[in-house]
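Below is one structure, written out as structure tokens, with a few remarks after it.
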Amino acid sequence: MSQVIIKDDEVDIVIGALQSDLTSFMEEWRPFFSRFHLIIVQDPDLKGDLKIPEGFNLNLYTKSDIDRVVGPVSNSISFSGYSCRHFGYLMSRKKYIITVDDDCTPARDTNNKITDAVSQHIINLTTPATPFFFNTLYDPYVDGSDFVRGYPFSLRTGVECGLSCGLWLNLADLDAPTQALKPELRNSRYVDMVLTVPARTMLPVSGINIGFNSELVGPALMPAFRLAKEGKLRWETVEDIWSGMCVKVVCDHLKIGVKSGVPYVWRQERGNAVESLKKEWEGVKLMEDVVPFFQGLRLSEGAVTAEDCVGEIASKVKEVLGGNDPMFARAAETMVEWIKLWKRVRAAE
Amino acid sequence: MAAAPPPLKDELDIVIPTIRNLDFLEMWRPFFEQYHLIIVQDGDPSKTISVPQGFDYELYNRNDINRILGPKASCISFKDSACRCFGYMVSKKKYIFTIDDDCFVAKDPTGKQINALEQHIKNLLCPSTPLFFNTLYDPFREGADFVRGYPFSLREGVPTAVSHGLWMNIPDYDAPTQLVKPRERNTRYVDAVLTIPKGTLFPMCGMNLAFDRDLIGPAMYFGLMGDGQPIGRYDDMWAGWCIKVICDHLGLGVKTGLPYIWHSKASNPFVNLKKEYKGIFWQEEIIPFFQSATLSKESTTVQKCYVELSKQVKETLGKVDPYFVKLADAMETWIQAWDDLNPAKAN
């Protein structure tokens with residue numbers, strides 16, 4: 001259908017560095033990253049200098065930058081581990097942000113052709129989403145596809161896409177109990193499509209491979225809800241899941257779409273599921289309790305920006321969940337601090 | 001080596017509406033021959049439809065439908081494939097697979113022939129997950145599972161009522177799209193089965209469809225289409241919207257995706273446009289109606305849900321066009337006919 005023209009200067013690629021040597025990671029992605037500006041944020045807990053190959057247009061941020069920009073607030077907002085990338089979102093001034101975990105490389109499709117995850121995220125973000133009615137041929141805007149018989153015509157213009165959730169070949173984003181139970185399970189199924197996740201349907205948003213429209217939803221991707229021992233392994237993380245539910249509520253309220261499907265990345269082995277299983281995560285049980293809360297969450301008509309929405313979600317979290325566990329009250333506070341920080345950093349321009 | 005008997009061999013009927021011939025069954029023989037067929041012959045009942053040798057079947061033409069249902073036969077469409085729902089009503093099996101007579105065996109990307117029936121059965125026999133979206137699609141498929149962040153309390157899933165398959169080659173487009181893109185063919189094999197989330201409607205195509213009669217059968221009425229009716233090509237759509245509202249209400253799942261069949265015939269888009277024309281406008285009122293339809297908690301069976309829905313159709317959509325008043329009455333007639341032919345089993 002329509003041709004998507006990607007303006008390179010509208011995109012930032014944000015990488016959270018949890019390992020020091022980024023050489024092989026950057027080399028694998030070079031064909032797809034090199035056109036764009038990169039923001040690399042070093043995990044503040046990672047000591048020493050990062051090793052980054054030459055030839056990229058990038059800004060590097062470390063602990064000292066985080067401390068300088070965020071100031072004393074960094075007591076309530078933690079940027080450690082996977083959360084370091086949120087500092088990159090904060091510093092970015094671009095419309096579209098793409099982010100990939102540093103243990104992922106480009107994937108190959110069923111014809112063994114290398115896929116360009118960056119371009120695919122941008123295509124997802126720059127073509128309409130269709131959250132109000134399900135199209136059985138999935139994305140109607142891709143070449144060779146369309147809306148099927150019975151799809152209401154008034155809904156065929158679609159809405160803007162705020163978030164593009166990609167997938168993973170090899171080591172899929174399974175939780176530790178699942179991976180520990182099925183240690184041999186690897187995802188080898190390349191499903192060649194992207195679809196819009198319907199309005200009012202919740203999903204687990206994995207932070208491993210996503211793209212988003214920062215102008216529309218940027219403030220809603222935040223490091224607000226963290227487990228006490230939230231670690232450097234995805235098996236021990238819930239921050240992206242919490243943030244993802246907030247983003248979906250924001251998108252549903254603002255009538256923006258969330259897509260899921262291609263692009264895939266190839267995710268390498270790291271860590272041991274059984275080891276992760278041994279750790280205590282009081283937060284994982286807590287997440288079970290929040291699902292009904294998010295599913296029923298409705299925001300006021302006055303909330304017209306992502307910042308407004310996050311503010312409302314934060315007060316409802318405090319009001320409804322705050323009494324259940326102090327972690328929720330803390331999450332609500334962190335969300336409020338985050339929005340203040342987001343606005344402050346932007347106003348300082 | 002003795003082969004295992006085909007799955008659900010005595011629990012599933014294949015319902016095929018036809019007006020011309022059943023030559024297409026030859027290609028399906030390896031996959032269908034062991035199953036019982038219900039042929040619903042539309043159009044001129046004096047014409048003989050020949051069924052290829054070796055198939056076990058029952059065949060109903062219009063005379064049979066009139067004889068069996070008497071005055072209630074008015075709810076079964078004439079000169080439209082919507083008449084197939086008579087086959088659902090008259091079946092005595094738990095599962096139905098329905099397929100159009102211009103649908104052939106498709107091949108997967110490795111070149112292997114796809115046993116569509118087998119995939120539908122797999123879809124129906126494992127749970128659906130309508131309450132939370134799994135980004136790796138059907139978690140019960142081999143090689144897949146629930147992803148991190150998927151609530152543990154929702155991993156049991158719910159029973160699957162409907163399995164909606166797709167089509168390679170001629171896609172199921174409406175007339176305007178067909179007219180604008182006459183050459184477009186579906187060549188993309190999407191290797192996924194997924195549950196359509198609760199609260200979300202979809203366009204259900206009857207070309208390649210399977211369902212659990214016990215769970216949802218009475219709601220699979222394909223409406224009043226064809227001869228003497230102001231609309232056509234909305235039979236399966238109508239059923240799809242009704243079943244989705246009812247499945248959402250009763251906690252049942254609807255899946256879509258695999259299996260693919262090969263759809264060989266593109267119907268005439270000008271003829272289609274005449275049939276669909278009113279539907280294109282009415283759809284704009286029908287969709288909000290279904291999106292906001294709620295059923296009372298007293299509606300605990302499919303029949304009760306359906307009758308309640310028919311009353312809402314009459315009251316709300318009846319204002320859009322008198323056709324919907326007729327349709328609402330036909331919905332009630334259908335339920336009466338269904339209950340006549342399918343008396344409740346003694347406990």
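Computed quantities for the displayed model
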{"quantity": "Failed condition for A:VAL217, given (1) more than 14 Å from chain B (Cβ to nearest Cβ); (2) part of a loop (DSSP other than H, G, I, E, B)", "calculated": "(2)"}
{"quantity": "Residue within region B:184-207 that is away from chain A (no Cβ under 12 Å) and either under 30 Å from B:LYS304 (Cα atoms) or not polar (S, T, N, Q) (or both) present", "calculated": "no"}
{"quantity": "Test result for B:PHE222, under 19 Å from A:VAL148 (Cα atoms) and aromatic (Phe, Trp, Tyr)", "calculated": "yes"}
{"quantity": "Only listed residue being touching a residue at least 60 places away in the same chain (Cβ under 8 Å) and not hydroxyl-bearing (Ser, Thr, Tyr), chosen from A:LYS63, A:LYS51, A:LYS95", "calculated": "A:LYS95"}
{"quantity": "From the options B:LYS122, B:LYS94, B:LYS72, B:LYS79, residue that is in contact with a Ser or Thr (Cβ under 6 Å, 6 or more places away or on another chain), more than 14 Å from chain A (Cβ to nearest Cβ), surrounded by fewer than 23 Cβ atoms within 10 Å (Cβ to Cβ) and of a type in the set (Lys, Arg)", "calculated": "B:LYS72"}
{"quantity": "Selected residue (only one of B:PHE290, B:PHE281 is surrounded by 15 or more Cβ atoms within 10 Å (Cβ to Cβ) and either farther than 30 Å from B:MET27 by Cβ or not small (Gly, Ala, Ser) (or both))", "calculated": "B:PHE290"}
{"quantity": "Test result for A:ASP139, at pLDDT below 95, assigned to a loop (DSSP other than H, G, I, E, B) and within 14 Å of another protein chain (Cβ to nearest Cβ)", "calculated": "no"}
{"quantity": "The listed residue being within 11 Å of another protein chain (Cβ to nearest Cβ), aliphatic (A, V, I, L, M) and within 25 Å of A:SER276 (Cβ to Cβ), out of B:ALA144, B:ALA175", "calculated": "B:ALA144"}
{"quantity": "Qualifying residue in region A:152-175 (condition: acidic (Asp, Glu), at pLDDT below 95 and buried (at least 21 other Cβ atoms within 10 Å of the Cβ))", "calculated": "yes"}
{"quantity": "Residues (buried (at least 21 other Cβ atoms within 10 Å of the Cβ) and either more than 30 Å from A:THR237 (Cα to Cα) or modelled with pLDDT of 95 or more (or both)) located in region B:148-167", "calculated": "B:THR160, B:ALA161, B:VAL162, B:SER163, B:HIS164, B:GLY165, B:LEU166, B:TRP167"}
{"quantity": "Residue list for region A:6-27, restricted to those being touching a helix residue (DSSP H, G or I) at 6+ places or on another chain (Cβ under 9 Å) and outside any helix (DSSP H, G or I)", "calculated": "A:ILE6, A:VAL11, A:ASP12, A:ILE13, A:VAL14, A:ILE15, A:GLY16, A:ALA17, A:LEU18, A:GLN19"}
{"quantity": "Residues satisfying the stated conditions in region B:236-282, i.e. among the acidic types (Asp, Glu) and over 18 Å from B:THR177 (Cα atoms)", "calculated": "B:ASP236, B:ASP248"}
{"quantity": "Residue in region B:202-214 that is closer than 23 Å to A:MET202 by Cα and not hydrophobic (A, V, I, L, M, F, W, C) present", "calculated": "yes"}
{"quantity": "Residue check for B:LEU25: touching a helix residue (DSSP H, G or I) at 6+ places or on another chain (Cβ under 6 Å), surrounded by 14 or more Cβ atoms within 10 Å (Cβ to Cβ) and aliphatic (A, V, I, L, M)", "calculated": "no"}
{"quantity": "Lone unmet requirement of (1) touching an Asp or Glu at 6+ places or on another chain (Cβ under 7 Å); (2) closer than 21 Å to B:GLN336 by Cα; (3) buried (at least 18 other Cβ atoms within 10 Å of the Cβ) for B:PHE86", "calculated": "(1)"}
{"quantity": "Selected residue (only one of A:VAL310, A:VAL320 is buried (at least 17 other Cβ atoms within 10 Å of the Cβ), over 30 Å from A:THR178 (Cα atoms) and at pLDDT 90 or above)", "calculated": "A:VAL310"}
{"quantity": "Selection count, region B:222-261, where residues are assigned to a strand (DSSP E or B) and among the charged types (D, E, K, R)", "calculated": "1"}
{"quantity": "Exclusive hit being more than 25 Å from B:ILE287 (Cα to Cα), among the hydrophobic types (A, V, I, L, M, F, W, C), more than 7 Å from every other protein chain (Cβ to nearest Cβ) and touching a Cys at 6+ places or on another chain (Cβ under 9 Å), set B:ALA116, B:ALA106, B:ALA161", "calculated": "B:ALA116"}
{"quantity": "Residue in region A:58-68 that is part of a loop (DSSP other than H, G, I, E, B), modelled with pLDDT under 95 and within 22 Å of the chain's Cα centre (by Cα) present", "calculated": "no"}
{"quantity": "Residues of region B:127-141 satisfying the condition of being hydrophobic (A, V, I, L, M, F, W, C) and facing another protein chain (nearest Cβ under 7 Å)", "calculated": "B:PHE132, B:PHE133, B:LEU136"}
{"quantity": "Residue match in region B:249-270 (condition: closer than 20 Å to B:LEU317 by Cβ and either charged (D, E, K, R) or touching a residue at least 24 places away in the same chain (Cβ under 8 Å) (or both))", "calculated": "yes"}
{"quantity": "Residue that is farthest from A:VAL100 (Cα to Cα) [pool: residues in region A:142-173 that are within 13 Å of another protein chain (Cβ to nearest Cβ) and polar (S, T, N, Q)]", "calculated": "A:SER154"}
{"quantity": "Pairs where the first residue, in region B:317-338, is acidic (Asp, Glu) and the second is assigned to a helix (DSSP H, G or I), C-beta under 7 Å, 6+ apart", "calculated": "B:ASP321/B:TRP282; B:GLU332/B:VAL307; B:GLU332/B:SER310"}
{"quantity": "Residues satisfying the stated conditions in region A:245-266, i.e. outside any strand (DSSP E or B), closer than 21 Å to A:GLY158 by Cα and of a type outside the set (Asp, Glu)", "calculated": "A:VAL247, A:LYS248, A:VAL249, A:VAL250, A:CYS251, A:HIS253, A:LEU254, A:LYS255, A:ILE256"}
{"quantity": "Qualifying residue in region A:67-80 (condition: crowded, with 22+ Cβ neighbours inside 10 Å, away from chain B (no Cβ under 14 Å), touching a strand residue (DSSP E or B) at 6+ places or on another chain (Cβ under 8 Å) and in contact (Cβ under 8 Å) with a residue 12 or more places away in the chain)", "calculated": "yes"}
{"quantity": "Yes/no for B:TYR137 being crowded, with 23+ Cβ neighbours inside 10 Å, touching a helix residue (DSSP H, G or I) at 6+ places or on another chain (Cβ under 9 Å) and either part of a loop (DSSP other than H, G, I, E, B) or free of Cβ contacts under 8 Å to residues at least 24 places away in the same chain (or both)", "calculated": "no"}
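The values are calculated or read from the model by the stated rules, or taken from the named source; none is laboratory data. Note that this is a predicted model, so its numbers are computed, not measured. Backbone-built Cβ (ideal geometry, glycine too); neighbour counts: all protein chains shown.
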